[in-house]
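The values are calculated or read from the model by the stated rules, or taken from the named source; none is laboratory data. Just so we're clear, the structure is a prediction, and the values are computed from it rather than from any experiment. No Cβ is skipped: glycine too gets one built from the backbone with ideal geometry, and neighbour counts run over all protein chains shown.
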Amino acid sequence: MPKAHQRGDGAGMEPPVISRRPLLKALWTVPVFVALGSGCATDSSKGSPASSDKPYELPSSAALADGKRKKPLDFGLAYSDTLPWMSDVDLAQALDDAADLGVGWIRADLSWTNIQPDGPDQYLWERFDRIAKGAQERDLKVLATLGYSPQWAGDPSCGVKNATCPPADNERFAQFASEAVTRYAAMGVHAWQVWNEANIKNFWQTGADPKRYTDLLAKASAAIRAADPEAFVLMCGLANSGTSEGREAPVEFLDHVLEEGAGKYVDGISFHPFARVQLPSTKTGRSTYEKIKGARQSLTSVLARHDLSDLEIWLTETGAPTHGNGAAADNENPGKDTSHATYAHQARIAADVVKAADELTAVTKVFWYSHRDTEPEEKNAGRHHYYGLIEYGGKRKPAFDAYRDAVADYRAEH
């Protein structure tokens, strides 16, 4: 989810001059955070853990079935499409923030429309080169999200030609994926998410279409693996949505794409369990994190039904906003007019994300969304701009320290 700009730590810092991001603004014209029962929060820690050069290893189905975690949880920070538009100074600070959090991963969009905006012969690789190189210098692994069609390559049936329009030709998208993987595997990027939130119209403009998405996934996955045999391929990040026109709930969409054979093409699935102001570890029988495991219909139950319990589950976006058009909640039982969390409650959510994810043994990665607010509060731009661990002007929120400390405590215990 989507889908932040950066400049370091401290109070008293001048607001940075930040380039506008045309793609992200387009994606945020419609709110995509649905369901008042999703949430998470962040924290900060010490330096970045050492990275491994070994290919990614999957946990066994037996390890997942016995309810015990056989593989330590790992953590990340999600930036969406913000990093390519930063100055070199702001990009360095943004990546330093991730290292300071103590997370091992970052998640960033490698948008087709950013690299080839005007035609198939154009390549603006420099927009992502800086990100891959900067992450490698800090021992941060990169989960790159491949997606977002340039106007020249989008489905002509789309009502509005923007980056959320699915490709007119999945083979052409796969060609872009192949070129991207070939280039960035040499820079240490081996993890790839194929599209984002394809289960909702906000990010798949023609409306949720399991068959069409599976065809895109099949072609892209084959291209990725041919270019990098060590690649780890993730299904699109599933939005926490209900089922309505143009949308499918994550459990339904997962079931439908697996019926189409999507499980053959991936090493894991990803989910965006936003719960607004609810603590992620809260058990109600229908809370957002229980959609992973615990609810009557859950992601893990769908995987088991398709004999795919070996697939990892990555939570590639989770968080809580600190500004909105309604009242602020300082606990997880808000009134009906609540739209966001106080700074203190966001910090509680950020720490609780680590606990909640660790309780779900099939989950192996969790990424806080997002790094930094993308608008100043006085602009009242909508709550999706205010999920950051850092204010727009550069000051860290309490959630930064909360997430960092929770990650550090988890690593010390494991």
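Number of residues in the range 215-274 that are within 15 Å of Leu303 (Cα to Cα) and more than 19 Å from the chain's Cα centre (by Cα): the value is 12. One residue stands out among those in the range 194-212 that are under 19 Å from the mean Cα position of the chain (by Cα) and not in a loop (DSSP other than H, G, I, E, B): the one that is farthest from Tyr79 (Cα to Cα), which is Val194. Applying the criterion of being under 19 Å from the mean Cα position of the chain (by Cα) and aromatic (Phe, Trp, Tyr) to the residues of the range 336-385, the residue that is surrounded by the fewest Cβ atoms within 10 Å (Cβ to Cβ) is Phe367. Considering the range 77-164, the qualifying helices (runs of 4 or more DSSP H), each wholly inside and each with 3 or more residues that are of a type in the set (D, E, K, R), run over 88-101, 126-137. Residue pairs whose Cβ atoms lie under 7 Å apart, separated by 6 or more positions or on different chains, with the first residue in the range 287-301 and of a type in the set (Val, Ile, Thr) and at pLDDT 95 or above and the second part of a helix (DSSP H, G or I) and buried (at least 18 other Cβ atoms within 10 Å of the Cβ), are Ile292/Leu299; Ile292/Thr300.
Scanning the range 60-95 for residues being out of contact with any strand residue (DSSP E or B) (no Cβ under 7 Å at 6 or more places or on another chain) and either surrounded by fewer than 17 Cβ atoms within 10 Å (Cβ to Cβ) or at pLDDT below 95 (or both) gives a total of 15.
Here Phe176 clears all of (1) among the aromatic types (Phe, Trp, Tyr); (2) assigned to a helix (DSSP H, G or I); (3) more than 17 Å from Ala222 (Cα to Cα) except the condition numbered (3). Ala218 falls short on exactly one of the conditions (1) surrounded by 20 or more Cβ atoms within 10 Å (Cβ to Cβ); (2) closer than 26 Å to Ser157 by Cα; (3) aliphatic (A, V, I, L, M); (4) in contact with a Phe, Trp or Tyr (Cβ under 8 Å, 6 or more places away or on another chain), and that condition is (1).
Conditions tested, residue by residue: (1) hydrophobic (A, V, I, L, M, F, W, C); (2) under 18 Å from Arg172 (Cα atoms); (3) in contact with a Leu (Cβ under 8 Å, 6 or more places away or on another chain); (4) not in a helix (DSSP H, G or I).
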position	(1), (2), (3), (4)
Trp192	yes, yes, yes, yes
Thr214	no, yes, no, no
Ala223	yes, yes, no, no
Glu252	no, no, no, no
Ile269	yes, no, yes, yes
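Applying the criterion of at least 3 residues that are at pLDDT 95 or above to the strands (runs of 3 or more DSSP E) found wholly in the range 317-414 leaves 363-369. Note on the range 292-302: residues that are surrounded by fewer than 24 Cβ atoms within 10 Å (Cβ to Cβ) and part of a helix (DSSP H, G or I) total 3. Of all residues in the range 158-201 being modelled with pLDDT of 95 or more and polar (S, T, N, Q), which is farthest from Tyr265 (Cα to Cα)? Checking each candidate, the answer is Thr164. Restricting attention to the range 127-160, the residues that are surrounded by fewer than 16 Cβ atoms within 10 Å (Cβ to Cβ) and in contact with a Lys or Arg (Cβ under 7 Å, 6 or more places away or on another chain) add up to 1.
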